Each structure stands twice: as structure tokens, then as C-alpha cells.
Amino acid sequence: MYDTTYTRAKDASDAAKKMRAAEDGQFIAGGHTLLPTMKQRLAAPSDLIDISHIKGMADISVSRKDVTIGAAATHASVANHSKLMKVCPSLCELASHIGDPAVRNRGTIGGSIANNDPAADYPAAMVALGATIVTNKRKIRADRFFTGMFETSLKEDEVIKAVTFKAPKSGAYAKFPNPASRYAMAGVYVADHGKKDIRVGVTGASSGGVYRAKNMEKALAKDFSADAIDGCKVDEGDMLSDIHGSAAYRANLVKVMAKRAIAAAG
Amino acid sequence: MGIEGIGARVLRKEDKRFITGQGRYTDDHKVAGMHYAAFVRSPHAHAKIKKINSKAANQMPGVVGVFDGKQLTGDGIGNIICGWMIHSKDGSPMNMGAWSALATEYVRYVGDAVAVVIAETLAEAKAAAEAVDVSYKVLKAVINAEDALKDGAPQLHPEAKNNTIFDWEIGDEAATDAAFKGAANVVEMDIRNNRLVPNAIEPRSALAEYDAAEDHFTLHTTSQNPHVARLVLSAFYQVAPENKLRVIAPDVGGGFGSKIYIYPEEIVCLWAAKKARVKAIKWTADRSEAFITDAHGRDHVSKAKMAFDADNRILGFKIDTIANIGAYMSLFSSSVPTYLYATLLSGQYNIANIHCNVRTVYTNTVPVDVYRGAGRPEAAFLVERMMETAARQLDVDPAELRRLNFVREFPHQTPVIFCYDAGDYETSLNAAMEAADYANFEKRRKRSARKGKLRGIGMSCYIEACGIAPSAAVGSLGAGVGLWESAEIRVNPVGTVEILTGSHSHGQGHETTFGQLVSDRFGLPSENVQVIHGDTDKVQFGMGTYGSRSGAVGMSAIEKALDKVEDKAKKIAAHMLEASEGDIEIKDGEVSVKGTDKKLLWHEVCLGAYTGHNLPEGMEPGLKEGAFYDPTNFTFPAGCYICEVEVDPDTGTTTIEQFVAADDFGKIINPMIVEGQVHGGVAQGIGQAMMENAEYDDSGQLISASYMDYTMPRADDLPSFKVSTTETLCPGNPLGMKGCGEAGAIGSPPAVINAITNAIGHNNLPMPASPHNVWAAVQAGE
């Protein structure tokens, strides 16, 4: 690891200020993507600005159907939150399968979505849940937040404070893990928000990162059943292809995982 | 046997320090004035070094030296050797290219060491290594063994025309061809055995100390055979004479073969410690470095055909193999695809005619050498995939085809050198089939089918060769060393016992099992026995641990030394008790005269040996005996593994529903440790069969170079194994032991692939059977 300067931010605006002052700064919360990268000498930020100690940043609140999850909430705290479990168990389930216990106890939802790894789980949930990403500057709809592989609409000094969403009527996430890394090779989050508002978030498979499978959403709005998406095409051309799976395999997995999520949500 | 003797499930003594974090591995050792090494490695698979500019690096903070290959060879450090000479079938010796510990003119794989930086801290060394400016002329690389043989392929070494190291054969080709002419059926297969990365939990490490006043070196290193390391470092690499070099292999966290060899890093650290005039240099591989520098395993491609008569008896077996040996010949690389492989191609079967041709080739990849099983997994995979495929094509039950062809009389001379000394293959097969409830498989298949799943079952009746090896025999086959083992039993005046062994424990539990021999012999509690190994200053010359040899060879040496100790103790006791030597019995810590109440306590006899007050006339004082044991034959562990799988045709996900192992390891000293060895070996074999693959791109970059992409087997991938043993004693060594360290990794891959191909209904499946590969196979069909 190269030398770096570590500081803790008092609050979101302090974090943004520190970021502006840094030569090549990085926000850090759980650090479970950033630190391994730094240890491999593939990243060399001049400053690490720790936002995980900001007061309230790790809080999770559930008021009837309204859910707010602080950006520094760990995957383990999401997985085990009893009130969240009542209104949106599918998100708890998703969080309980991220990484391993060490990752779940350190990694955070804010870090995950800010990094927007194309194989991360949370982005699929965010778009399917119609979540809003709350920053120190503004509120961003999930659909507009994720802009491509490892890309988001965040500005350099913009800090995610929380994500908010309304719990869906029902939902489920089905993931096919990469056999080596156990990141998603295809992860599909299906959420039924009622009134024919169905959202399907797909992660892991596409070269463009997370996306909504609009054709499946349409089909499911008519008939919320696994068979309903039989006719929905998954374009192989958009899919990633690597040593773990061809584009055709990933396209197949998207369909299979979607069906499993629909069946589980149904 | 007593509660701690032979056959007892004694808990592992060494685990207390391992599981409480008190193990002392090489990297845990620190000395005052210690510096750190960081290696500059080639980013290219094949290139000519144009220039190395280390000016900037030399001026960086903490740097005390930057050295390259020209300086190394200029100081007379010898090239890295291969310790086993193979001659091609035309009689010519193998075509070995030069391998300098630091590359001089060319680099031949990604990771090839080009220079080393020595600095006060690790961070300074790494930073300066990045500042060493190496300019390369990039050359075309060749990755696959078959491609390396093609006309116009990039050439790696001037010594090896067409990248061919040797073109070797075993068996009688004319007789085998004749046997095929009379065949009723011939079954043909193309088989690829995937390349693996060893992945010991502890990465390789070296701590080289130089004492300028004494001109003496001490090397702590991750070695399976510290004496061999000292010999080779001294005699071939000219680092220092043997008496000026102490090699210590302290606690070592797994080897699997990859820590047999003497790698460039150890050589360089020793040489550089003197050159840079520092007290000590430490280097420890990080995981990324381990992936691209630890010798890889396997990587064979073969064409095979087997001939059967009308009654389904095997008439002949013919194999053509190309083995990828990587960019350089590692220490035992030449023996793996020859005498450790082709000699096992008779399997458990009576086959009159076998011929195998092996071509080994250089490619721009990490050197390939021994990895758990070493040649024997490649042979078992070939034979047992062939048997299963033949059974399907001949439409006979796979168990029956095997039964029909089993060797049933011993000794049995195969047409490929080995003479099997003992075994009972049918008993293992029956035990495995019963444990697997083989008879009711079809019911289970139907149950799976109702859930939309494909269920399959497959078996593997493996044989392997351990207990390497009779020194004269391996010498005649080209080995540069003898493969005996040494032991010394040091009885202290108070009656406690130290076992000094040339074997090395790096996970095998020798501190427990070796002690059991003493407990068994004299009835002493295991806490009174200490096993000492891994230090050339403490222990007499020994050959180390690999090839499942420490039981059959290492423990045989201990038995021989114990015989001598027992003999002398009885003489002393007889003299003290005024009895005849033949009437003395040693049992439960007491030395008594048979049929009388005359006795001494064990420690009284030992004390008597050391006081020398009352010894038989002419006897030397003391109670310490050594022995060298040279095996009379290889040993032949064998068994039957059965794997049952369920395949999800939608995703290709394959779950192992059950895995049964019925092994014959001969005499077992500690069943718990043997079961652990089988569990670990089977897990590694399942890893090869379903997950692990060292995958290169066309430019020679290892793509699966981290755990993000290299799939290791994990606990939740594996079922609870059903393991059992049967026993035929090995007639060749005093205890009747055969060896158990590698069997699991040898026998399991064919069982797994036979099961999956049975589930999907055809053979068109590459290894590893990853979800993607299984899904694609289901999609493609036959």
C-alpha cells in the first residue's frame, strides 16, 4: 500500500470540504473494495476521508412503509434489522448474502452504491425499489444515479447520506453467484409496488452495469407470474463475457434468476 | 496398541499452537538489522531485455542495493537445475534450457524475476522496485502445449528445438498395436487435464541471514525438504558450502508439492545478503506473487484408446500425451509426466499391452511441477474416465467392467515398470458401492427428475504409487538423488525420547503420528516424546516430505532406529537384572523379565545407559541410535471413490449429493489423521474437477490470478464425505504402510466427472465442470 493520509469527517459538509482540499481524495466507509485495491497498489489516494463515523450516518429507520437507510449502515445491520425485515424482507435477504461475515460487518450500502460495481447486489435493489439517494447536495432517483459500470452521477465532493424508499407490496432477489468471487453473475430484484407498478432490477450480467428489464416489467404488470416473462428477450449483445460465463450464459441466467425472483415474490 | 500407540486416534499435538496463533512460520521470524527484498518481475510472457536502468531506484530512500541477473551470474551463482534426467526414445538426453534465478537476456513468463531491490523497509523496497526501469523488446508468446509444437511457434530456448524437451515412451508399441488389431471394440477419447495453482495457505517466504565474521549463512524458508534445499543451494547454485549454510524450514503452512523446489527468491536473498552487506534479507510472497511464481500443476492433453475383446476384457491401452512444462524446467518437472504418470496407466487392471508416448514442451507460462498427486491424478483421470466411457459404449455396468478386469493375483507385474505388491480392489469397490447405496441409485435419479434436476453417479477405482522410492531403482530411471529417509532416536537420561527425522511436517501431523510409534514400542505417554525436524543443524541429512512418503519411508526409518534402541535397552536391562536378553520385555514404561516379578522402570534403564556405572562389558554408554531406510519397492495405495451429483440444467449448477471413499492404505497409525488427509485430498480433487483452472489469455497473462477469478473449493461446496478404509498390508516395509496423503486428490476428479457426464447423458464436458461449462454441455448435447 502506498502512503496515504487518513482523516475522519465530522459531518457531510466537513467531508465534502476535506475532499475539495485533498489532492486525490477518496471517501471511505467500510473500505471493503477500496482497501484491497490499495493493498494491491492499484489505487493510491492521497487522502482517505472516513465518513463512517458521522453521527446518524449508520442509522436505519422504518416508519410504516417509509424506509431510510444511512449510507454507513453495514450489510449486517441491514440484514438483521427487525423492522426492515417486517416491511421489506427481500432487502434483508439480499444483504445477508453479500460477501462473507467480514465484508458484511464492515461494508456499507453507501459504499456499495457509490462504487457501482457491475456485479454488486444493492444497485439492483435500488432501481427495483425505486429508491432515492440522498446526498449532501440533492436527492437523486436510483434510475438516474447509476450511469454505467463503476459510474454514478455523484459529483466529486458529493457524499451519500442515506437511501430512502417505500417498501413494495412484495419483492424478492435471486442471485447467481460467480463461483470464485461470489459476486453476482446475474442478480435480479423484482419488486411489486402495487397498481401494476412492477420493477425489475438486474445486476451482474450487463456490460452497462445495473439496468431495469423494462420488457419483463411490462409483462409482469399484465400477469405477475414466472411464465409471464417466457417471451421476454434478454439481449446477449449487452451481456458481459469472461472466463466464468459467456454472454449467452449470462443472458440465460438473467431469465432464470428473474423467474426465481418472481416465484419467490409471488 | 495402548491409548496412544499404533491405530489410536490421538489428537494432533501440534494443533494447540496452530489454532491458537502460536505457530512460528518463516515470516514470523525477525532478526535485528533485517532488510527486505522486492522483486522486479516481467509483465510480459516473452521478451528480450534491452536495458535495466536502476539509477532512480538506487537513489530512493532506504535502498541498499538493486541487483540484476548479470550480477548474479557474474558472481558465479549457478542456473536452476532439474533433478531428474529423462532421455528421449531416440536415446538423446532431455533438452533443458538455462534458468537463471534473475533473468539475464530473455524473460519467458509473466512473473519471471528480472531484478531485486533490497531496502530497509518493505514499503521502500516495493516502491523502489516500481522505479526500476526495464525496457523490453516484446516477443510472441505461446501458451498451449499443442501450439508450442506447431511449425512457426515462438521458440523459448535455443536448446529445445520446437520447444520439445523430450519425446519419451514407455511400454511396447508394436505389441500394443498388435493387440488393437485383434480387438472386438476400441474406445477412443481426447482428454485434457486442467492446470492448477497450488495455493498453500502460507505463501512462500525466505529469511536469509549472513554472518560476515563467520562467512556463514542461515536460511529460514518454506520448504518441504530443507536438507535437499541446502544440498542444491550449495552444490549447484554455489551460494555457500554446505557446512557454511544452515537451512531451517520451521512451521510451514501447506506445501502440496509447491514447496519442494528451490526457487529463485531463496537463492537471490542468500546471495544478495552478502552482496549488499546486510545482516539479513526477508522476502514473503503476497498472494498475487504466489499465483504467478509458485510452480503450477497438471496441464496435460492426451489422446487415448483402449481395446477390448468380445468378452470386454482389456487387450491394450495406447496413449499419446503432451505435457506443458511451462517456461523452465523446475526441480522434478521431468519426472511428473513420465515415471510418476505413465507407470500408473495400468490402473487396477490386468492389461497385457500398454504404450504411452509423452512429449513435454516449453511454453510461456509458470513452470509446472509436482502438485498433490503429481502425475498420478493425470493417470487416474485418464484410466478411470476411459473405463467409464468404455462401459457406456460397451453397454455394460461400469462396476462390472472394472470387476472383470481387476488384477487379482499379487505380485502383479504391469507392462509399465511397476510391480504391484498387494491389494484387494474388489473389496474396496464393494465397500464403496454399499456405502453409496449404489443399488438404489435409479430411485434417486427419478426423484431428482421430478424436481427437474439431472442426477448422476460415477465411480473411480484409482491406484497410485507412494513410498518413493528405492534409491537404486529411481537412480536407474534418471533421478539425481536417492529417495531413502533417515531417523535418529535420542533417548534422554530421564527416559524421554526425541525423534529426529528427515521428513518434514507441513500439515501432515508428524509430531503426533511419529510419536505414536514410540508410545507403541515402549508404552510411553505421547507427552514424553518430541519430534524434531526441519533444521539442518539439528537433524541428520534427510530427503523430506512429498509423494506420501513420510509414513512408508520416514516412519520405516524410525522403526529401524527404534529396533536398535530397543535392542540396546534390552541388553542393558538384562545386564542390570542379571537375566537373559531374550527374556526382557518392554511394556507400559516398564522393563521386566518375562515370567518373573523382576523389573526396572524405563527411565531407570535409560539412566543406567547414561551413568555407565553398570553396563555390559565393552558397551558404549548412551542410548541414541540412527537409521537410514531405503525402500524395497514403491507402495500401491488404491481404492474406490463414488460421487453422486445433481445438476440444475437451467444454470449448470452441480451439487455433490454424496461422496464415498473406500481406501486401502495398508497399516494405519492414526485413523483420524488419515481421514483428515482423505477429506483434504478429496476437497482438492473436487476443486480440480469442478472449480479450479489456471487460465491464460493469448498474450500469456494469467487471468485467474486472484481469488476473484480462481475458484477454490469451500466448505459449503462440499458434502460430508463418507470415508472408510480396507486393509491389505504392504509387504515391503516393516509396518505395512502404503501412504494416504495424495489419494483423495488422485481418485476424486474422475469420479466427479464420471458422475456429471452420467447426469447430463454425454461425455462432451471439459474440466473443470464449472456451472457455465456444465450448462453449455447440457445446451450443446452430445
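Does any residue in the range B:124-139 that is within 14 Å of another protein chain (Cβ to nearest Cβ) come within less than 8 Å, Cβ to Cβ, of a residue that is at pLDDT below 95 six or more places away or on a different chain, and which pairs are these?
What qualifies is B:126/A:41; B:127/A:2; B:130/A:41.
For residue A:242, state whether it is among the charged types (D, E, K, R) and within 13 Å of chain B (Cβ to nearest Cβ). Walk me through it before giving the result.
On the way: among the charged types (D, E, K, R): yes; within 13 Å of chain B (Cβ to nearest Cβ): yes.
Yes: the conditions hold for residue A:242.
How about the range A:1-106: which helices (runs of 4 or more DSSP H) wholly inside it have at least 3 residues that are assigned by TED's automatic domain parsing to the domain that holds residue A:123? Talk me through it step by step, then tell me what you get.
Numbers: elements: A:12-21, A:34-39, A:75-79, A:82-87, A:89-96, A:101-106.
It comes to A:75-79, A:82-87, A:89-96, A:101-106.
Is the range B:115-126 home to any residue that is in contact with a strand residue (DSSP E or B) (Cβ under 6 Å, 6 or more places away or on another chain), at pLDDT 95 or above, surrounded by fewer than 20 Cβ atoms within 10 Å (Cβ to Cβ) and aliphatic (A, V, I, L, M)?
yes
For the range B:563-609, give me the residue count where each residue is surrounded by fewer than 15 Cβ atoms within 10 Å (Cβ to Cβ) and among the basic types (Lys, Arg).
Result for the range B:563-609: 2.
What number of residues in the range B:690-707 are touching a Pro at 6+ places or on another chain (Cβ under 8 Å) and of a type in the set (A, V, I, L, M)? Don't jump to the end; show me each part of the working.
Step one: filter the range B:690-707 for residues touching a Pro at 6+ places or on another chain (Cβ under 8 Å), giving B:690-693.
Narrowing the set further to residues that are of a type in the set (A, V, I, L, M) leaves B:690-691.
Total satisfying the criteria: 2.
Is it the case that residue A:211 is surrounded by 24 or more Cβ atoms within 10 Å (Cβ to Cβ), modelled with pLDDT of 95 or more and either closer than 28 Å to residue B:704 by Cβ or within 14 Å of chain B (Cβ to nearest Cβ) (or both)? So that I can check it myself, show each step before the final result.
Values: surrounded by 24 or more Cβ atoms within 10 Å (Cβ to Cβ): no; modelled with pLDDT of 95 or more: yes; either closer than 28 Å to residue B:704 by Cβ or within 14 Å of chain B (Cβ to nearest Cβ) (or both): yes.
No.
Restricting attention to the range B:759-776, and to residues there that are touching a residue at least 40 places away in the same chain (Cβ under 8 Å) and among the aliphatic types (A, V, I, L, M), which single residue is nearest to the other protein chains (Cβ to nearest Cβ)? Walk me through it before giving the result.
Step one: filter the range B:759-776 for residues touching a residue at least 40 places away in the same chain (Cβ under 8 Å), giving B:759-761, B:763, B:766-776.
Those left that are additionally among the aliphatic types (A, V, I, L, M): B:759-760, B:767, B:769, B:774, B:776.
Working: B:759: 18, B:760: 15, B:767: 14, B:769: 11, B:774: 10, B:776: 7 Å.
Filtering the range B:759-776 for residues that are touching a residue at least 40 places away in the same chain (Cβ under 8 Å) and among the aliphatic types (A, V, I, L, M), the one nearest to the other protein chains (Cβ to nearest Cβ) comes out as B:776.
Name the pairs whose Cβ atoms lie under 8 Å apart, with the first residue in the range A:35-61 and within 14 Å of chain B (Cβ to nearest Cβ), the second polar (S, T, N, Q) and surrounded by fewer than 19 Cβ atoms within 10 Å (Cβ to Cβ), and 6 or more positions between them or separate chains?
These pairs meet every condition: A:38/A:4; A:40/B:288; A:44/A:4.
Condition first: of a type in the set (Val, Ile, Thr) and touching a strand residue (DSSP E or B) at 6+ places or on another chain (Cβ under 6 Å). Now tell me which residues in the range A:53-78 satisfy that.
Step one: of the range A:53-78, the residues of a type in the set (Val, Ile, Thr) are A:54, A:60, A:62, A:67-69, A:74, A:78.
Across the range A:53-78, the qualifying residues are A:60, A:67, A:68, A:69, A:74.
Do we find a residue being assigned to a loop (DSSP other than H, G, I, E, B), more than 14 Å from chain B (Cβ to nearest Cβ) and either in contact with a helix residue (DSSP H, G or I) (Cβ under 6 Å, 6 or more places away or on another chain) or of a type in the set (Val, Ile, Thr) (or both) anywhere in the range A:139-148?
No: zero hits.
So which residues in the range B:640-661 are within 13 Å of chain A (Cβ to nearest Cβ) and buried (at least 21 other Cβ atoms within 10 Å of the Cβ), if there are any at all? If you could, list the steps in order and put the result at the bottom.
Residues of the range B:640-661 that are within 13 Å of chain A (Cβ to nearest Cβ), as a first pass: B:648-655.
Selection gives B:651, B:652, B:654.
Could you tell me which numbered condition residue B:206 fails, if it satisfies all but one of (1) more than 30 Å from residue B:391 (Cβ to Cβ); (2) assigned to a helix (DSSP H, G or I)?
The number of the failed condition is (2).
Go over the candidates A:85, A:57, A:149 one by one and state the one that is at pLDDT below 95 and surrounded by 15 or more Cβ atoms within 10 Å (Cβ to Cβ).
On the way: A:85 fails: at pLDDT below 95; A:57 fails: at pLDDT below 95.
Being at pLDDT below 95 and surrounded by 15 or more Cβ atoms within 10 Å (Cβ to Cβ) holds for just one of A:85, A:57, A:149, which is A:149.
Determine the pairs where a residue that is touching a residue at least 12 places away in the same chain (Cβ under 8 Å) and on the phi > 0 side of the Ramachandran plot, located within the range B:611-629, has a partner that is of a type in the set (Gly, Ala, Ser) and crowded, with 16+ Cβ neighbours inside 10 Å with Cβ atoms under 9 Å apart, the partner being 6 or more residues away or on another chain.
So the pair list comes out as B:622/B:609.
I'd like the residue in the range B:407-458 that is touching a helix residue (DSSP H, G or I) at 6+ places or on another chain (Cβ under 6 Å) and buried (at least 18 other Cβ atoms within 10 Å of the Cβ) and, out of all such residues, is farthest from residue B:632 (Cα to Cα).
The extreme case among them is B:454.
Name the residues in the range B:687-736 that are away from chain A (no Cβ under 14 Å) and within 30 Å of residue B:293 (Cα to Cα), would you? Walk me through it before giving the result.
In the first step, residues of the range B:687-736 are kept if they are away from chain A (no Cβ under 14 Å); the result is B:699-700, B:719-736.
Of everything in the range B:687-736, those that are away from chain A (no Cβ under 14 Å) and within 30 Å of residue B:293 (Cα to Cα) turn out to be B:699, B:700.
The values are calculated or read from the model by the stated rules, or taken from the named source; none is laboratory data. Keep in mind that what you see is a predicted model, and the values were worked out from it rather than measured. Every residue, glycine as well, gets a Cβ built from its backbone with ideal geometry; the counts of neighbours run over all protein chains shown.
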